[in-house]
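Undergrad: Shown below is the structure under consideration.
The values are calculated or read from the model by the stated rules, or taken from the named source; none is laboratory data. Nothing here was measured: the structure is a model prediction, and the numbers come from that model. Every residue, glycine as well, gets a Cβ built from its backbone with ideal geometry; the counts of neighbours run over all protein chains shown.
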Amino acid sequence: MYSRYSVILAFQNNKKMKLRIFIFVVISLNALFVGAQQKFENDFEALVSQPEYKNASVGIQVEDAATGEILFNYNGEKLMIPASTLKLVTSASALEILGAGYRFKTKIGFSGKILNNKLNGNLIVVGGGDPTLGSEYFRNEYENPHFMDVWAQKIKAAGITEINGNLVIDGSFYDTEKIPPTWIWEDMGNYYGAGASALTVYDNLFRISFSSPRTAGRPTEIISIYPEIQGLEIENYVLSSDINSDLAYVFGSPLDSKREITGTIPKNRKSFTIKAAVPNPEKLLAKEFIAHLTKAGIFINGEVKFEKVSSGQFQPVYVQESPTLDEIVKETNHKSINLFAEHLVKQIAAEETGLGNRKRGIEIIREYWKSKGIDSAFFMEDGSGLSHFNAISPAHLTSLLNYMFTGENKDVFYASLPGAGEGTLSGFNSRNFPQESLKAKSGSMSRVRCFAGYLRTDSGKTLSFSIMFNHFEGPPSKLNSIIETLLLDLKTSF
């Protein structure tokens, strides 16, 4: 039979044993945590010491997205070229300033009077800066039926089958700047260098199809252009190649219709298609609209005029609304659509001042984030990140990410970012980041690779991160793979 003393002693020994086990577990977990952190730091140090990266400009900032606590910093305050990670700033700004439910509007109407199905006046299209009008990214909204067929039927329903006047195209909602002045010559003629217009249509791009001979190094032939661009002059210097990819580049000013195409396409192709920027989308829209009017039995006796229309001259027939801004932002970030991002900057200005102007849009964006306590010490020359004159710090991006993570647009903004294996993160293995534990925007241009977004760790914490590499050597694919490894290290470190 146990004495009272022996029972108490056994109880105390049991408490000591449990305490020892608890301390052992805490020490073990802490050792694992420290070891994981050390692995990340070791992998990072090994990376920046490699010959391809030792002379590069590198910046990394990692923070707790909920609290803003800095967990890792390497040149976090240094300004660097962000490439398309700048779209995080643009898309977040648009959601905050314009609102997730915002819609762009294109107005169809007329001036004058209708008598016996004849309009004695002008048919009018007033642009509202919609970047998605006829876009291939929003086929369900603009095809079946085609949006211009809808316009034509609305005009017919208003009692108009003949126009004794002109087709007036009003693109005055945006200024006359076709593209940002700091874009380079290599970009501006290609589809990803298309400029924003108040009457953007079909993503402001057209397709050029080639046939190529069986042997490499021989001239190719242009077999079709769609849609047809009136007045377009093309000089084709594209050659066939053993390389099985599109290495053809379109050169040309947005101020004229002359285009020169150089580079290579794969050999032995009956048809190989590349995409180029439309020099004047307002003219393309007018040509396409006339074709749809004619198909509907509506005929214009006058000319096409490109001019501003006063509100007193305009009687609306139909308003074409875009998808909501949250849908547009999701496509912008998932597919890294430069054109959409440029529209967002101009639209921010247009809603405040009545004129879509890039510079004013950027000023409003800077003022907005400054009012939220986020440092405005960055250089923003466009909305897409295509300009090499953009410069922003990793710390600025993580501050913005933290703000959006706790703000009213959290869910919309988070959903707009691609996960591993999606969109511009298609090169990342989705099995490494299950259940959307990685949501980020990439940024790529020559000798620039950047990633910024959110990472949910194995412990359940959400990190905001920005990893920026400028002026590195070696293949980008190798760096992408190393950055994926760093993110995996982070996933287990915090």
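Undergrad: How about the stretch 393-448: which of its residues are among the β-branched types (Val, Ile, Thr) and in contact with a strand residue (DSSP E or B) (Cβ under 9 Å, 6 or more places away or on another chain)? Outline the logic, then answer.
TA: We begin by selecting, within the stretch 393-448, every residue among the β-branched types (Val, Ile, Thr); these are 398, 406, 412, 424, 448.
Thr398, Thr424, Val448 - these are the residues of the stretch 393-448 that are among the β-branched types (Val, Ile, Thr) and in contact with a strand residue (DSSP E or B) (Cβ under 9 Å, 6 or more places away or on another chain).
Undergrad: Return the residue satisfying two criteria in turn: it lies in the stretch 181-224 and is under 16 Å from Pro279 (Cβ atoms) and in contact with a Lys or Arg (Cβ under 7 Å, 6 or more places away or on another chain), and of such residues it is surrounded by the fewest Cβ atoms within 10 Å (Cβ to Cβ).
TA: The qualifying residue surrounded by the fewest Cβ atoms within 10 Å (Cβ to Cβ) is Arg207.
Undergrad: Among the numbered criteria (1) in contact with a Gly (Cβ under 7 Å, 6 or more places away or on another chain); (2) surrounded by 20 or more Cβ atoms within 10 Å (Cβ to Cβ), which one does Glu436 miss?
TA: Exception for Glu436: condition (2).
Undergrad: Has the stretch 102-122 got any residue that is surrounded by fewer than 20 Cβ atoms within 10 Å (Cβ to Cβ), part of a strand (DSSP E or B) and of a type in the set (Phe, Trp, Tyr)?
TA: No, the stretch 102-122 contains no residue that is surrounded by fewer than 20 Cβ atoms within 10 Å (Cβ to Cβ), part of a strand (DSSP E or B) and of a type in the set (Phe, Trp, Tyr).
Undergrad: Conditions: (1) assigned to a helix (DSSP H, G or I); (2) more than 29 Å from Ala196 (Cα to Cα); (3) without any contact (Cβ under 8 Å) to a residue 24 or more places away in the chain. Asn480 meets all but one. Number of the miss?
TA: For Asn480, the failing item is (3).
Undergrad: Identify all residues within the stretch 255-268 that are of a type in the set (A, V, I, L, M) and part of a strand (DSSP E or B); write none if there are none.
TA: From the stretch 255-268, those of a type in the set (A, V, I, L, M) are 255, 261, 265; that's our starting set.
Matches in the stretch 255-268: Ile261, Ile265.
Quick grid of which residues meet (1) buried (at least 19 other Cβ atoms within 10 Å of the Cβ); (2) more than 23 Å from the chain's Cα centre (by Cα); (3) closer than 23 Å to Lys439 by Cβ; (4) in the same structural domain as Leu95 (by TED's automatic domain parsing):
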| site | (1), (2), (3), (4) |
| --- | --- |
| Glu307 | no, yes, no, no |
| Ser310 | no, yes, no, no |
| Gln315 | no, yes, no, no |
| Val329 | yes, no, yes, yes |
| Ile337 | yes, no, yes, yes |
| Ala341 | yes, no, yes, yes |
| Glu351 | no, no, no, yes |
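Residue by residue, here is whether (1) free of Cβ contacts under 8 Å to residues at least 12 places away in the same chain; (2) within 20 Å of Tyr102 (Cβ to Cβ); (3) part of a strand (DSSP E or B) holds:
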| position | (1), (2), (3) |
| --- | --- |
| Lys270 | no, no, yes |
| Thr273 | no, no, yes |
| Leu284 | no, no, no |
| Glu288 | no, no, no |
| His292 | no, no, no |
| Ala341 | no, yes, no |
| Val345 | no, yes, no |
| Lys359 | yes, no, no |
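Undergrad: Limited to the stretch 260-284, what total is found for residues that are over 23 Å from the mean Cα position of the chain (by Cα) and among the small types (Gly, Ala, Ser)? Talk me through it step by step, then tell me what you get.
TA: In the first step, residues of the stretch 260-284 are kept if they are over 23 Å from the mean Cα position of the chain (by Cα); the result is 260-272, 283-284.
When the remaining residues are screened for being among the small types (Gly, Ala, Ser), the result is 263, 271.
Matching residues across the stretch 260-284 total 2.
Okay, residues lined up against (1) more than 18 Å from Leu344 (Cβ to Cβ); (2) without any contact (Cβ under 8 Å) to a residue 60 or more places away in the chain; (3) in contact with a helix residue (DSSP H, G or I) (Cβ under 6 Å, 6 or more places away or on another chain):
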position	(1), (2), (3)
Ile184	yes, no, no
Met188	yes, no, no
Tyr192	no, no, yes
Ser197	no, no, yes
Ile208	yes, no, no
Ser211	yes, no, no
Gly217	yes, yes, no
Ile222	yes, yes, no
Ile225	yes, yes, no
